[in-house]
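Here the structure is laid out as structure tokens; the discussion comes afterwards.
Each value in this text was obtained by applying a stated rule to the coordinates, not by laboratory testing. Just so it is clear, the model here is predicted, and its values are computed rather than measured. No Cβ is skipped: glycine too gets one built from the backbone with ideal geometry, and neighbour counts run over all protein chains shown.
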Amino acid sequence: MRGLASEVRKLGRRAVEVLGDRLAGILMFGSAARPSDFTTKSDVNIVIVVKDRPKGFRLVELLYDIDTRLFVSILTLKDLESLVEAGHPLAHHLCGDSTLLYYGCEELVELLSSNPPITEDTLKYLEGAALANLAVAAQNYLYGLYGESASFSYKAVKTALRLRAAVRGLLPFSDEEVLSFAEQEGLDEAARALDELSKARRGYVGPGEALKLLDLAAEGVSKAMNIKLASWSRVLEELCKAGMLSVERVSVSRAENEGVWVVRAVDTGGLLHEVKVGKEVSVRAVLGERS
């Protein structure tokens, strides 16, 4: 974290120089604001809040030589106010789980003291994020990025449990808070999955372990979201049965109480197919739809 801290300071100095009086504040959120959850593989999420967006301003002016592990967004005060009113998960993070690195105006402090509501948009975003993280974990597994796969497997289960908590009117942030909620709700399998994934993402992950962790994540997501979802191992088996040679894209969708893996894959003849693995398995050619 020491090297990243110097990068954060450099970004802060540059934001002050480039934005001047327009700068309302700089916030850090996510695991970087929670030392107990931070790992050497974690990203650092930064939000730069401005009073108004300068004409012709480009984010690259701030980021041209900043470490790529810093994920930086820019919001106006009006943007943040809209996110708070909508109950957007980012607003929940900024108001309840962030560190203020630079103070520029009182209006920002007032917004950060808000208590964003948990809305249908909150739940929809968390559900989409949980399934998207699981799909990215699978995609990274196929790319041979096993450490990244484990990290996204962890994010998938944690987000699914946060979704379950949000339905109850709660929104925990840290691993400890999420695990405590899961145990109180009797979600023992999902809690076990999150605990194992949290530990595994901190070390080396090989192909065999990455597959095991992906299957564990699929189980954890299914228990947290109360849906039926096939393991990634089963998806790989179905792809082999269907004669698929390579995979182009993976996604996960939800229909009622069922989760469905949707895989765009190419067979040995070079033909693109869409393979869906849920309660049932379907394979169809998608001529002319190649992405």
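Values as computed for the structure displayed
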| read-out | value |
| --- | --- |
| Cα-based helix-to-principal-axis angle, 188-200 vs the chain, degrees rounded to 10 | 70 degrees |
| Burial order of peptide ranges 203-215, 187-199 (average beta-carbon count within 10 Å, highest first) | 187-199, 203-215 |
| Relative contact order, percent, the range 150-283 [alpha-carbon distance under 8 Å, six or more residues apart] | 19 percent |
| Unit charges on C-beta of K, R, D, E only; dipole of the chain, Debye | 640 debye |
| Those trypsin sites (Lys or Arg not before Pro) in the range 51-130 that DSSP places in a loop and that have at most 12 other beta carbons within 10 Å | Lys55, Arg58 |
| Cβ-based charge dipole, the chain, positive-most Cα from Gly220, Gly144, Ala200 | Gly144 |
| Listed peptides 105-114, 91-100, 152-161 by packing density, highest first (mean Cβ within 10 Å) | 152-161, 91-100, 105-114 |
| Theoretical ellipticity at 222 nm over the chain - DSSP helices of four or more residues, -39500 (n - 2.57) apiece, nearest 500 | -16000 deg cm²/dmol |
| Ordering of 177-184, 25-32, 133-140 by burial proxy (mean other Cβ atoms within 10 Å per residue, highest first) | 133-140, 25-32, 177-184 |
| Tilt relative to the chain, helix 207-225 - C-alpha long axis, 0 to 90 degrees, to 10 | 80 degrees |
| Dipole moment magnitude, nearest 20 debye, the range 228-291 about Cα centre, only Lys, Arg, Asp, Glu C-beta charged | 80 debye |
| Dipole of the chain [Lys/Arg +1, Asp/Glu -1 at C-beta], most positive-end residue of Thr76, Ala86, Leu161 | Thr76 |
| Length-normalised contact order for the chain - Cα pairs under 8 Å, 6+ apart - percent | 12 percent |
